[in-house]
Amino acid sequence: MKSNKPNKAQSIDIGINETDRRKVAEGLSKVLADTYTLYLKTHNFHWNVTGPMFQTLHLMFEAQYNELALAVDLVAERIRALGHTAPGTYAAYAKLSSIKEEEGVPAAKEMIRLLVEGNEAVARTARKLFPAVEKASDEPTADLLTQRLQVHEKTAWMLRSLLE
């Protein structure tokens with residue numbers, strides 16, 4: 001006969017103590033918030049870009065927001081693997097993100113500049129987490145952060161090149 005009592009969550013024993021897992025998850029929550037905010041901004045710019053570079057930017061922004069959509073899932077799943085809840089609301093992201101939303105629709109060149117800033121912001125947020133990750137010997141999170149840094153630094157460089 002099945003019990004009606006709720007199952008107690010099984011403890012997590014992956015070689016990282018709870019305090020370190022919490023610190024890493026909190027840092028990853030900031031990376032997630034920055035990534036999701038950048039995703040939304042990039043998607044917004046994809047929809048609303050105009051001007052002589054429309055086709056190029058429209059397609060570039062689409063590729064970027066698709067990559068970011070996959071990234072938010074990876075970051076959120078890592079938070080869950082560490083035994084914590086991933087934030088998933090605009091209110092939570094607004095509190096956690098270092099990236100601000102835009103009012104109105106900027107010109108195409110300003111969109112590019114803002115996306116450079118956004119990608120650099122995600123890179124800074126990810127890089128700040130490395131001391132906690134290294135202290136915890138959390139190689140999977142270090143690997144994830146390294147991959148995110150490569151993407152955001154390359155994307156910032158490519159966007160920055162359009163402004164020169």
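Readers should treat all values here as calculations from the given coordinates under stated rules, not as data from a laboratory. In this text the structure is predicted, and so the values were computed from the model without any measurement. All Cβ positions, glycine included, derive from the backbone under ideal geometry; neighbour counts span all protein chains shown.
Residues 29, 11 in ascending order of nearby Cβ atoms (within 10 Å, fewest first): 11, 29.
For the chain, the relative contact order is 31 percent, taking Cα pairs closer than 8 Å that sit 6 or more residues apart in sequence and dividing their mean separation by the residue count.
Remark: the residue 13-residue 150 segment gains 46.3 nm on full extension, using 0.36 nm per residue and subtracting the alpha carbon distance. Taking the fewest neighbouring Cβ atoms within 10 Å as the starting point, the ordered list for 160, 80 is 80, 160.
Dipole magnitude for the stretch 18-162: computed about the Cα centre from +1 point charges on Lys and Arg Cβ and -1 point charges on Asp and Glu Cβ, it is near 260 debye. Centroid-to-centroid, using Cα positions, the stretch 127-150 and the stretch 39-91 are 21 Å apart. Just tell me which aspartates and glutamates come within less than 13 Å, Cα to Cα, of residue 23; anything on the same chain fewer than 8 places away is out. Excluding near neighbours in sequence, the set is 134, 138.
When the chain is described by a simple charge dipole with +1 on each Lys and Arg Cβ and -1 on each Asp and Glu Cβ, the residue from 55, 116, 37 located farthest towards its positive end is 37.
The ranking of 35, 85 from fewest to most other beta carbons within 10 Å of each one's beta carbon is 85, 35.
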